[in-house]
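Written below as structure tokens is the structure these notes are about.
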Amino acid sequence: MPAPYRAVAFSGSLRHGSTNTGLVRLAMRLAPEDLQIEWLDWIDQLPWMNPDLEAQPPAVLQRWWDTLRGADALIVGMPEYNWCPTPLAKNALDWATRPPEDRAIKDTVVAFLGSGGRSGTAKAQDGTSTILGFMGAQMVLDPPVQLALVSDRFDADGHTDDPEIVAAVQAKLDAVMVALRERDARHEAEANDA
């Protein structure tokens with residue numbers, strides 16, 4: 001049996017009761033055996049985006065880059081404030097696109113899970129997906145997980161009895177697996193053509 005794919009995950013929310021954190025926790029429980037998801041609890045320690053730090057990156061920034069380069073996929077609980085990603089999520093994802101000559105996020109399969117407001121964080125997801133795709137990430141856009149007005153239907157640990165929420169997260173994980181297999185097939189074809 002081939003080794004499982006490795007995904008890393010974080011939530012863009014620092015709130016104790018965040019449903020976006022809950023979505024990531026739910027994804028970790030629903031993940032198939034061939035997808036291992038590691039929770040990153042140190043993303044808030046990254047320095048604010050500053051290209052001056054790239055020549056001699058702080059240890060936590062180098063750790064972020066190394067973690068991404070060692071992962072097949074990134075799963076993000078994506079809150080939205082004022083139609084934008086939270087500063088925490090934006091900062092981590094901005095650093096993921098660095099350094100320009102060897103972007104840490106390049107070729108990483110990326111999926112967003114969002115809960116909140118009336119749009120389910122659609123605006124934050126859409127803009128960020130466009131940017132990351134342009135920077136070389138492989139975005140899993142469909143099916144979207146953009147859950148509006150559901151804070152009373154599950155908790156920050158991802159516990160829910162709501163089949164709609166479970167089905168949405170499961171469908172996204174299925175799409176992540178498809179994207180990973182397609183990426184592997186493309187790499188194999190490129191190697192055979194070389």
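General observations
- Within the stretch 42-61, the residues that satisfy the criterion of being touching a residue at least 40 places away in the same chain (Cβ under 8 Å) and open to solvent by 30 Å² or more (accessible area, probe 1.4 Å) are Asp44, Trp48, Met49, Pro51, Glu54.
- Residue within the stretch 76-93 that is within 17 Å of Arg183 (Cα to Cα), open to solvent by 50 Å² or more (accessible area, probe 1.4 Å) and of a type in the set (Phe, Trp, Tyr) present: no
- Taken together, Asp161, Asp174 contain a single residue that is modelled with pLDDT of 95 or more and open to solvent by 40 Å² or more (accessible area, probe 1.4 Å), which is Asp174.
- In the condition set (1) buried (at least 23 other Cβ atoms within 10 Å of the Cβ); (2) more than 19 Å from Ile37 (Cβ to Cβ), Ser115 is compliant with all but (2).
- For Leu141, the conditions (1) assigned to a loop (DSSP other than H, G, I, E, B); (2) crowded, with 23+ Cβ neighbours inside 10 Å; (3) among the aliphatic types (A, V, I, L, M) are fulfilled apart from (2).
- Number of the exception - Leu180 against (1) open to solvent by 50 Å² or more (accessible area, probe 1.4 Å); (2) not in a strand (DSSP E or B): (1)
- Selection count, the stretch 132-170, where residues are without any contact (Cβ under 8 Å) to a residue 40 or more places away in the chain and touching a Lys or Arg at 6+ places or on another chain (Cβ under 6 Å): 4
The values are calculated or read from the model by the stated rules, or taken from the named source; none is laboratory data. These numbers come from a predicted model, not from an experiment. Cβ atoms come from the backbone with ideal geometry, glycine included; neighbour counts cover every protein chain shown. Each accessible area value is taken on the protein alone, full model and side chains, heavy atoms only, with ligands, DNA and RNA left out. Shrake-Rupley method; radii C 1.70, N 1.55, O 1.52, S 1.80 Å.
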